[in-house]
Every structure is written in structure tokens, then in C-alpha cells.
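Since the structure comes first, as C-alpha cells, the remarks are kept for the end.
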Amino acid sequence: MSMKQLNRWLSNSQKGSGKTIAYLLIAQSCLSLLLSGCNPTTTNAANNIKPVSDQSQTTALQKPTVVKISYIKGSLSAIVKDRGTLERELAPKNIKIEWVGTFPSFAPVLETINARSSDLGAGGDIAGLSALSGGINACIIAYRPANKNSEGIVVHADSPIRTFDDLVGKKVIVNRGGISEHLLLKLLEKKKISKEQVKRVYMKPDEALAAWASRHVDAWAVWDPWVATAELKYKARQIPLPDTVPHYSLYMVHKDALKEKSAAIREVIAVLSREAEWLNQNPQEAQKLYQKVTELPSDVVNQTFKRRPVDGVLPLDEKVINDLQDAANWIQEQGIVEKKVNVRSSLCPQS
């Protein structure tokens with residue numbers, strides 16, 4: 001019914017009852033509102049329904065920020081993955097974690113970062129510096145403390161090698177461009193032994209154990225838990241070293257990933273730092289978790305934890321930067337890498 005028809009009908013109905021007229025007036029009013037496109041402002045139940053805010057709608061519809069983490073077997077990241085802490089703490093902040101791994105050492109982790117298969121990972125400083133020399137598009141965002149006791153050079157119990165000098169003319173397994181090659185070369189330099197006098201055999205740790213156990217090589221420069229495994233499973237002994245060569249672990253992030261999701265990545269680092277502190281305060285629980293994620297025998301885990309350092313995920317200070325720069329200079333001078341690395345310029349920006 002049009003407004004004109006309604007008015008005519010209302011005029012003809014003036015003689016009707018008051019009730020009828022009241023209903024017609026209400027109908028006329030409602031039709032006027034509908035035709036004008038206005039909404040009634042009178043108080044009713046609908047007025048008590050509050051609209052969803054734009055911010056709530058945006059949060060509900062926004063895709064989560066995905067952070068991909070590569071990790072080494074038995075590492076802090078592996079333990080945190082098992083505990084589910086990152087997922088639990090960061091899901092309310094709309095951050096999703098994807099795990100890439102596991103890997104036996106830092107070199108393959110760095111390959112995933114360089115290929116953008118992952119955003120960040122952690123591992124030995126020499127491998128990280130070597131990758132930076134090779135042009136990886138990554139930066140150093142944090143470090144873990146050095147451990148002077150978990151690295152060594154092992155030989156068989158009946159080996160004629162008794163001292164470090166006895167390695168001359170022998171074959172020693174090292175990981176190429178990693179901490180064990182750095183350990184061996186640094187000690188050879190200290191003893192004034194030419195690096196050409198000791199044959200380096202390049203193998204990854206998970207491949208090296210079988211080669212060393214089968215006596216295809218004379219010695220193996222490596223770190224825990226591989227040292228502990230060799231000691232307990234194959235009755236290996238460590239030869240006395242002329243000095244210690246401490247190594248840090250580095251957390252490295254792809255630069256593009258940091259630009260795209262800086263806040264999320266820094267949230268990840270903050271959680272990892274808190275997890276490291278929790279493990280320090282709960283050593284028995286830490287040992288149980290380590291055994292679970294490594295699936296190593298309990299005696300190997302016990303041996304490893306006797307030499308395990310205090311954990312931490314920390315911002316780089318001047319001492320660490322200088323130590324890393326010394327290492328970077330040395331591996332370039334020794335020909336392990338071709339291009340010299342400027343560590344300070346390789347640090348991730350603060351914001």
C-alpha cells in the first residue's frame with residue numbers, strides 16, 4: 001500500500017473506533033520510516049545489542065604470524081618444542097610456530113634459513129660465521145654461553161695417540177667450517193704444528209661416529225653428547241688438550257623474515273630466554289627432557305650433563321662481539337673461509 005492510499009483510507013476511516021485509528025496511525029508512522037530509510041530511535045530490546053568493534057573483527061579475521069624455527073636434536077629449541085611453551089604463550093598473541101627439523105648440526109639449519117624454509121635457528125658460532133662469510137642473508141639476534149668442557153678429541157682406548165702432538169701424521173674427523181675444525185686448527189697453531197701435518201677428514205657428526213668406530217680414522221674432534229657416546233659405548237678416551245677453545249652458540253635470523261615479522265620473532269626469542277632460565281632452575285627436569293628429545297641412553301645423558309653449561313639466550317655484549325670477531329678474523333686468516341666477516345655489522349637491528 002502506498003502512502004497516498006494509506007492517507008485516503010485513514011481519511012475515510014475517521015468515523016471508526018479510536019482503537020482502529022490508533023493502529024492505522026502506527027502503521028502510517030512505520031511505513032514512513034521504512035520509505036525514508038530511517039531507523040526508529042525509540043527504546044526497545046534491539047537497542048540493547050551493541051555492535052562488534054572494528055578492532056575485535058580485525059583480530060578475529062587477521063591471519064596469524066607464522067614463525068618457522070629450525071632446530072638441532074637435543075638443543076634448547078628441541079626441549080622447548082617438546083614442552084609446547086612457544087605455542088602456549090604465543091597463540092593468544094596470534095603467533096603460530098612451525099618447526100623445521102631435526103638436524104644434527106648448525107650447517108643444515110643455516111641452509112634452511114638461507115633458503116627461507118625457516119626463519120631462525122641456533123648453533124655453533126664457527127658455522128654461523130662461516131655462513132656469514134659465504135653471504136647468507138641473515139643476522140645474529142642472540143647467543144648462548146660458551147662451554148669449555150663439552151668439546152674434545154677422542155681416540156680408541158688402545159690407540160697409540162697419547163698426547164696432542166701424537167696427532168701429527170694422523171687422520172682426524174672434523175665438521176667442515178664448524179667448531180671442531182676450529183678447535184683442531186687453533187690448538188695446532190698454539191703448538192706451532194703446521195695444519196698440513198694433520199689430515200682433516202670432513203664428516204657430519206651423525207656420519208662420523210660409524211667411521212671413527214670402524215677405525216677408518218685415528219681421532220675425532222667433536223662435542224657432547226657425541227663425546228659421551230664415544231666414551232661410554234666404545235670406551236673412547238679424550239686426549240689432553242693444550243688449551244681450551246670456547247665456542248658460543250648463535251641465534252640467527254633471515255633478514256627478510258625479521259623485517260616482515262620483527263615483533264613475532266622477538267617474542268619467540270623472549271620465550272626461549274625464559275625457558276633457558278627455567279631449565280637452569282630445574283636441572284633434574286631439564287635432564288629428563290633432554291633424554292626424551294635425544295632418545296639417548298641414561299648413562300650418556302648423565303655424562304653429558306656433568307659437562308653441560310648453564311643455559312641462556314642473551315643479547316650480545318661487547319665481550320661476546322669481540323670474541324666472535326677474533327674467531328671470524330682467525331678462520332679467514334687460516335683459509336677456512338674466504339671473506340672476512342664484520343661481526344658488529346652482522347648483528348640484527350634492535351628494532
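The values are calculated or read from the model by the stated rules, or taken from the named source; none is laboratory data. Here the structure is a predicted model, which is why all the values come from computation and not from measurement. When we count neighbours, we look across all protein chains shown, and the Cβ atoms used for this are built from the backbone with ideal geometry, even at glycine. Ligands, DNA and RNA are stripped out before the accessible areas are found, and what is left, the full protein with its side chains, is counted by its heavy atoms. Shrake-Rupley method; radii C 1.70, N 1.55, O 1.52, S 1.80 Å.
Scanning the stretch 174-215 for residues that are in a helix (DSSP H, G or I) and open to solvent by 60 Å² or more (accessible area, probe 1.4 Å) gives Lys186, Glu189, Lys190, Glu196, Gln197, Asp206, Glu207, Ala210. Selection of the stretch 329-339 for residues being touching an Asp or Glu at 6+ places or on another chain (Cβ under 9 Å) and in a helix (DSSP H, G or I) yields Trp330, Ile331, Gln332.
Within the stretch 276-335, restricting attention to residues that are open to solvent by 20 Å² or more (accessible area, probe 1.4 Å) and β-branched (Val, Ile, Thr), which residue is farthest from Ala127 (Cα to Cα)? Restricting to residues being open to solvent by 20 Å² or more (accessible area, probe 1.4 Å) and β-branched (Val, Ile, Thr), the top hit is Val293.
Scanning the stretch 147-173 for residues that are part of a loop (DSSP other than H, G, I, E, B) and acidic (Asp, Glu) yields a count of 1. Out of Lys259, Lys340, one residue alone is of a type in the set (D, E, K, R) and in contact (Cβ under 8 Å) with a residue 24 or more places away in the chain. It is Lys340. Residues that are assigned to a helix (DSSP H, G or I) and either touching a Lys or Arg at 6+ places or on another chain (Cβ under 8 Å) or in contact (Cβ under 8 Å) with a residue 40 or more places away in the chain (or both) were ranked within the stretch 296-313; the one that is nearest to Ser249 (Cα to Cα) is Thr304. Residue check: is Ile140 outside any loop (DSSP other than H, G, I, E, B), closer than 20 Å to Ala264 by Cα, hydrophobic (A, V, I, L, M, F, W, C) and at pLDDT 95 or above? It is true that Ile140 is outside any loop (DSSP other than H, G, I, E, B), closer than 20 Å to Ala264 by Cα, hydrophobic (A, V, I, L, M, F, W, C) and at pLDDT 95 or above. Comparison of Val245, Val293, Val222 shows that the only residue that is in a helix (DSSP H, G or I), of a type in the set (A, V, I, L, M, F, W, C) and touching a residue at least 24 places away in the same chain (Cβ under 8 Å) is Val293. The residues in the stretch 275-288 that are outside any loop (DSSP other than H, G, I, E, B) and free of Cβ contacts under 8 Å to residues at least 40 places away in the same chain can be counted, and the count is 9.
Of everything in the stretch 97-127 that's charged (D, E, K, R) and part of a loop (DSSP other than H, G, I, E, B), which residue is surrounded by the fewest Cβ atoms within 10 Å (Cβ to Cβ)?
For the stretch 97-127, the residue satisfying everything is Arg116.
Filtering the stretch 72-96 to residues that are among the hydrophobic types (A, V, I, L, M, F, W, C), open to solvent by 50 Å² or more (accessible area, probe 1.4 Å) and part of a strand (DSSP E or B) leaves nothing.
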